[in-house]
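Scroll down for the structure; my scribbles are underneath it.
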Amino acid sequence: MTLIKSISGIRGTIGGKPGEGLSPLDIVKFTAAYATWAQQNANKEKITVVVGRDARISGEMVASIVVSTLSGMGCKVVNIGLASTPTTEIAVTEEKADGGIILTASHNPKQWNALKLLNAKGEFLNAEEGAKILELADAEDFNFAKVDDLGTVVEKDYTDTHIQHVLNLDLVDVEAIKKASFSVAIDAVNSVGGIAMPALFKALGIKTIIEINCEPTGHFAHTPEPLPENLVETSAIIKNGNVDVGFVVDPDVDRLAIINEDGSMFNEEYTLVAVADYVLSHTPGNTVSNLSSSRALRDVTEKHGQSYAAGMVGEVNVVAKMRETNAVIGGEGNGGIIYPASHSGRDALVGAALFLTHLAKSGLTCSALRKTYPDYFISKNKIELTPEIDVDGILLKMKEKYAHEEVTTSDGVKIDFAESWVHLRKSNTEPIIRIYAEAKSHQQADNLAKKMIKEIETLV
């Protein structure tokens, strides 16, 4: 059993003893700590908190505990039920709430769930705020409301509001998308994307929508992370189905992968590259991605005469870097689009609508559009961690070994070579070290990653 406490929230496997997994007792403790923090942050006891969840099997159980705990803390709860992560973020600001809790373990398998915590702007908490909540939880420093002060619960649906929000964006051209008469496929891995994405495509005027794994049962049809090895069957359906473009989302719909009309992968790193290319062609400005994302975004940004910057991994860090540099578009290479004209959170609905507009206006096929961008290849690898492994010590030794290269240490260790790079960092969401390498070919990227893994293994 696993329980991970980080700036990405409280994440764990369901079952087991308290403190070892995400047990009902842990859910109560962290929810009460969050409510206490939110009350202190708003400087009032009667606060409003939005709760939304993905469709995973444990979701209803976890939601009932979270909603009841918030009510027990005297909060007004706006329970929006099955909702994507970006939908919940938008609901927080629409409700003028004091915060929000998203119940999702994102791309993790079905045995996982998590509490992702939002501030009053509908954005993820920073490290300092997250640390305060962990401190309150560890000390069990919270007071539940007396019977006359118990909170209330109202239930709302925000999916249509979110879709209208997307349609209202200046750079989403509904008429251009309609005129293109696209046939679109969507694989929603049996979670809330199966509710939101087909509804979005209908609102964009797309007549032919092929739904794959769109029943929100929580029984994921394949490993839920939208990586090529998990999408073999989906790619075959698109190749054989006369489909112009295929989209794949993760269980909470903040990551967007694209599949070309011939069944080949557009490559999730290039979701942000393509959307940024379109946005920059209409809105000059800077871009941001994280240290583990492709150099292709830098190249496209500079093609438009603008500046690129890299932030630490993690949505909250990318958003902070985007604010610092006044970026007009940014995100993460895992298919996460952050478009500040909409809101400061990764949003697959926004990403899909902007991409479809770009594809429609380009007049190209999906595969031909992909060929207009520079080719880089990333090899994504990981090493499983055991408690006795000194990750910080390993990273320090790797930094010292490659001190003669361009090394960045703000988030793990990133080593930039002339034609390639490798990024070594401890994951915020799983007990692993991530080893990402990028080069001009798959073979070069794989070889660089394997070389680093071998070097790390000699240090363990």
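Listed highest first by mean packing, meaning other Cβ atoms within 10 Å per residue, what order do 165-178, 244-257 come in?
Per-residue Cβ counts within 10 Å, averaged per peptide and sorted highest first, yield 244-257, 165-178.
Can you give me the long-range amide H partners of residue 417? Hydrogens built in the peptide plane at 1.01 Å from N, cutoff under 5 Å, separation of 5 or more residues or another chain. Excluding prolines and chain starts, which carry no amide H, the hits are 422. Candidate cross-link partners of residue 454 among the lysines, defined by an alpha-carbon separation under 21 Å and a same-chain spacing of 8 or more, comprise 380, 382, 397, 399, 401, 414, 426. The listed residues 459, 272, once ranked by accessible area (1.4 Å probe) with the largest placed first, stand as 459, 272.
Can you classify the stretch 1-159 as rounded, prolate or oblate using the Cα gyration tensor, where a ≥ b ≥ c are the square roots of its eigenvalues, rounded means a/c under 1.5, and otherwise it's prolate if a/b beats b/c and oblate if not? Here the stretch 1-159 falls in the rounded category.
Ignoring ligands, DNA and RNA, what percent of the accessible area of the stretch 167-303 is carbon or sulfur (1.4 Å)?
Reported share for carbon and sulfur atoms: 48 percent.
When both the stretch 149-188 and the stretch 93-147 are represented by their alpha-carbon centers, they are found 25 Å apart. Using only side-chain charges placed at the Cβ, +1 for Lys and Arg and -1 for Asp and Glu, the dipole size of the chain relative to its Cα centre rounds to 340 debye.
Tell me the net charge near residue 135. Cut-off is 13 Å between Cβ atoms, residue 135 excluded, with +1 for each Lys or Arg and -1 for each Asp or Glu.
For residues surrounding residue 135, the net value is -2.
Note on the chain: dipole from Cβ charges, positive end direction compared against 151, 58, 366; the farthest Cα belongs to 366. Other residues within the sphere of radius under 14 Å centred on the Cβ of residue 115, judged by their own Cβ, net out at +2 (K and R +1, D and E -1). DSSP bridge analysis restricted to the chain gives an antiparallel fraction near 60%, rounded to the nearest 5. When nucleic acids and ligands are ignored and a 1.4 Å probe is applied, residue 237 ends up with an accessible area of around 80 Å². Decide, for the chain, between rounded, prolate and oblate: order the square roots of the alpha carbon gyration tensor eigenvalues as a ≥ b ≥ c, take rounded if a/c falls under 1.5, and otherwise choose prolate if a/b is larger than b/c, else oblate. The shape class here is oblate. DSSP bridge analysis restricted to the stretch 134-256 gives an antiparallel fraction near 10%, rounded to the nearest 5. Normalised per residue, the accessible area of the chain is 40 Å², obtained with a 1.4 Å probe and no contribution from ligands, DNA or RNA.
For residue 220, the accessible surface of its heavy atoms amounts to roughly 40 Å² (probe 1.4 Å, protein chains only, rounded to the nearest 10).
The share of accessible area on the stretch 1-136 that comes from carbon and sulfur is 51 percent, using a 1.4 angstrom probe.
Sort out for me the Cα centre separation of the stretch 394-460 from the stretch 221-269, rounded to whole Å. Taking the Cα centre of the stretch 221-269 as reference, the centre of the stretch 394-460 is 28 Å away.
Overall, the stretch 383-460 carries a charge dipole of about 120 debye about its Cα centre when +1 sits on the Cβ of Lys and Arg and -1 on the Cβ of Asp and Glu, all other atoms neutral. Here the contact order of the chain, divided by its residue count and restricted to Cα pairs under 8 Å and six or more residues apart, works out to 12 percent. Along the axis of the charge dipole computed for the chain (Cβ charges of +1 for Lys and Arg, -1 for Asp and Glu, origin at the Cα centre), the listed residues 22, 107, 443 are led at the positive end by 443. Calculated mean residue ellipticity, 222 nm, the chain: -11500 deg cm²/dmol, from DSSP H runs (n ≥ 4) at -39500 (n - 2.57) each, averaged per residue and rounded to 500. Put simply, when 28-38, 297-307, 328-338 are sorted by average Cβ atoms within 10 angstrom per residue, most first, you get 328-338, 28-38, 297-307. Prolate is the label for the stretch 110-184. Its Cα gyration tensor axes, ordered a ≥ b ≥ c, give a/c of at least 1.5 and a/b above b/c. Of the trypsin sites (Lys or Arg not before Pro) in the stretch 304-395, the ones in a loop by DSSP (not H, G, I, E or B) with at most 16 other beta carbons within 10 Å are 371. Using the Cβ of residue 85 as centre and a radius below 12 Å, the other residues enclosed give a net charge of -4, where K and R count +1 and D and E count -1.
The values are calculated or read from the model by the stated rules, or taken from the named source; none is laboratory data. The shown structure was predicted, so the numbers you read here are calculated from the model rather than taken from an experiment. Glycine also receives a Cβ, built like all others from the backbone with ideal geometry; neighbour counts cover every protein chain displayed. We work out accessible area using only protein heavy atoms, side chains counted, and drop any ligands, DNA or RNA first. Shrake-Rupley method; radii C 1.70, N 1.55, O 1.52, S 1.80 Å.
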